[in-house]
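Chemist: After the structure tokens below, expect a handful of questions from me.
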Amino acid sequence: MVTVDMRSLLLFSAFLRVFLIVYGEWQDKHMEVRYTDVDYFVFSDAADLMALGKSPYERTTYRYSPLLAFLLLPNTFLHRSWGKFLFSASDLLVGVFIYTILKKCSVPKNICTYCVMAWLLNPFTFTIGTRGNCEPIVCAIILWIIICLMNGNLLQAAVWYGLVVHFRIYPIIYAPTLVLVLNHHFFRLGQKPVLRIWSSGPSKKHECSTAATELNVLVVIKCIFSRERIIFGVISAAVFFFSTGISFFLYKWEFLQEALLYHLTRTDPRHNFSIYFYHIYLHYEREFSVLEKLISFLPQFMVQLVLVLRFARDLPFCLFVQTVAFVAFNKVSMLICKILTSRVGELPVKRKSGEVDGVGTFSVDS
């Protein structure tokens, strides 16, 4: 059997991405159909405006955090492909993080490598970063949060989570999962958690379940509002509101409308992968009420709630199925399909005999 070491795999993957970026520049200049994602031109134009001291939101359809335009400032004075290299580097980082998570789960080295190959050599994933889509950054941060929790580094995980929710608002759907994982029976601040197959073997009857049975309200409240959950919630919220506050201070209501509120009421008849497409298409000429726009989130909310309650202890797997459900029930699913493709890295799970439902489940246990 041919063996591939991580160093060689990463070098080849990096070379492949550099080649595609260079080729993309050639195709953009010589062919009618461009290789570069249209969103990348939006990012670059917003960065140009920021470099001139103007608002990035003067660029039509720029509906992202100012942080993204700030990261792409070198596009203005260094090279227009800077952002592609940044996104592709994040893509490579995702591969490294997948390998790290699997090793922490005691997966055999060769299987770890094959899983990384499935990510790094996947044509869907390596074209995302090289065409100029920013989703690999989000994916890398989410996987890094998982690693931080595996290492018992709650503070760092909270900081990164607050930042990634500001950067791209949709990771807010992972908040219930992250909070539930921080049960003090499974995670203790400052201690490195031990991974185990939580669904196999006899279940332990913990203090919380006993208290709930005996209607001991004080103990139940203590279990719900554990020290770890409070610290994670306060720090991540502080980072989010601090980043959002600075952005609001700089760009006022324009930022709030374009980067946050717009996504709550967005309707688009051209994104025909959405389950709401036909209804939106038929009624697009009339103005949808705010209630109609918001009510479409109800099925999504219900599905997310069920998935969180069922799979929360299996953190990587739960984040993955949440993402799949988020894509399936989203109002704008053509754009969001790129997000799903870039989030396959959130499935670093393995199989073992005797597991419930045949799914390898990993959690943290103190």
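The values are calculated or read from the model by the stated rules, or taken from the named source; none is laboratory data. Since we're looking at a predicted model, the values are computed, not measured. Cβ coordinates were reconstructed from backbone atoms using ideal geometry, including for glycine residues, and neighbour counts include every protein chain displayed. Calculation scope for accessible area: heavy atoms of the full protein, side chains included, ligands and nucleic acids excluded. Shrake-Rupley method; radii C 1.70, N 1.55, O 1.52, S 1.80 Å.
Chemist: Any residue that is in contact with a strand residue (DSSP E or B) (Cβ under 7 Å, 6 or more places away or on another chain), part of a helix (DSSP H, G or I) and over 9 Å from D91 (Cβ atoms) - is there at least one of those in the range 104-126?
Modeler: Quick first cut of the range 104-126, residues in contact with a strand residue (DSSP E or B) (Cβ under 7 Å, 6 or more places away or on another chain) only: 104-105.
Next, only the ones that are part of a helix (DSSP H, G or I) stay: 104.
If we keep only those that are over 9 Å from D91 (Cβ atoms) as well, we get 104.
The answer is yes, given that some residue of the range 104-126 is in contact with a strand residue (DSSP E or B) (Cβ under 7 Å, 6 or more places away or on another chain), part of a helix (DSSP H, G or I) and over 9 Å from D91 (Cβ atoms).
Chemist: Among what's in the range 1-51 and is of a type outside the set (A, V, I, L, M, F, W, C) and not in a helix (DSSP H, G or I), pick the residue that is farthest from P108 (Cα to Cα).
Modeler: At the first step, the residues of the range 1-51 found to be of a type outside the set (A, V, I, L, M, F, W, C) are 3, 5, 7-8, 13, 17, 23-25, 27-30, 32, 34-37, 39-40, 44-45, 48.
Imposing the further condition that a residue be not in a helix (DSSP H, G or I) reduces the set to 3, 5, 32, 34-37.
Values: T3: 13, D5: 13, E32: 47, R34: 41, Y35: 38, T36: 38, D37: 37 Å.
So, considering only residues that are of a type outside the set (A, V, I, L, M, F, W, C) and not in a helix (DSSP H, G or I), the one farthest from P108 (Cα to Cα) is E32.
Chemist: Which one is farthest from E258 (Cα to Cα) among residues in the range 60-79 that are in contact (Cβ under 8 Å) with a residue 40 or more places away in the chain and in a loop (DSSP other than H, G, I, E, B)?
Modeler: S65
Chemist: Mind telling me which of the residues T127, T76, T100, T61 ends up being closer than 15 Å to L16 by Cα, surrounded by fewer than 21 Cβ atoms within 10 Å (Cβ to Cβ) and either of a type outside the set (A, V, I, L, M, F, W, C) or touching a helix residue (DSSP H, G or I) at 6+ places or on another chain (Cβ under 7 Å) (or both)? Reasoning before the result, please.
Modeler: Values: T76 fails: closer than 15 Å to L16 by Cα; T100 fails: closer than 15 Å to L16 by Cα; T61 fails: closer than 15 Å to L16 by Cα.
Of T127, T76, T100, T61, the one residue that is closer than 15 Å to L16 by Cα, surrounded by fewer than 21 Cβ atoms within 10 Å (Cβ to Cβ) and either of a type outside the set (A, V, I, L, M, F, W, C) or touching a helix residue (DSSP H, G or I) at 6+ places or on another chain (Cβ under 7 Å) (or both) is T127.
Chemist: Shifting gears a bit: If you take the residues of the range 80-97 that are assigned to a helix (DSSP H, G or I) and among the small types (G, A, S), which of them is surrounded by the fewest Cβ atoms within 10 Å (Cβ to Cβ)? Quick ask: steps written out before the conclusion?
Modeler: Going through the range 80-97, the residues assigned to a helix (DSSP H, G or I) turn out to be 82-97.
Of the ones still in play, those that are also among the small types (G, A, S) are 83, 88-90, 95.
On the way: G83: 24, S88: 25, A89: 15, S90: 19, G95: 24.
Looking at residues that are assigned to a helix (DSSP H, G or I) and among the small types (G, A, S), I get A89.
Chemist: Which members of the range 117-134 meet the condition of being within 18 Å of the chain's Cα centre (by Cα) and of a type in the set (A, V, I, L, M)?
Modeler: L120, I128
Chemist: Out of curiosity, is L143 surrounded by fewer than 23 Cβ atoms within 10 Å (Cβ to Cβ), touching a helix residue (DSSP H, G or I) at 6+ places or on another chain (Cβ under 7 Å), of a type in the set (A, V, I, L, M) and on the phi < 0 side of the Ramachandran plot?
Modeler: So L143 does not fit the description; no.
Chemist: Could you grab me the full set of residues in the range 7-38 that are open to solvent by less than 30 Å² (accessible area, probe 1.4 Å) and farther than 19 Å from D91 by Cβ?
Modeler: Answer for the range 7-38, where residues must be open to solvent by less than 30 Å² (accessible area, probe 1.4 Å) and farther than 19 Å from D91 by Cβ: just Q27.
Chemist: Using the structure shown, decide if A69 is open to solvent by less than 10 Å² (accessible area, probe 1.4 Å) and out of contact with any Asp or Glu (no Cβ under 6 Å at 6 or more places or on another chain). Spell out the reasoning first.
Modeler: On the way: open to solvent by less than 10 Å² (accessible area, probe 1.4 Å): yes; out of contact with any Asp or Glu (no Cβ under 6 Å at 6 or more places or on another chain): yes.
So A69 fits the description; yes.
Chemist: Which of the residues spanning the range 168-178 are open to solvent by 10 Å² or more (accessible area, probe 1.4 Å) and either at pLDDT below 85 or not β-branched (V, I, T) (or both)? Even if it seems obvious, please write down each step before you answer.
Modeler: Taking the range 168-178 and keeping what is open to solvent by 10 Å² or more (accessible area, probe 1.4 Å), we get 168-170, 172-173, 175-176.
R168, Y170, A175, P176, listed by residue number.
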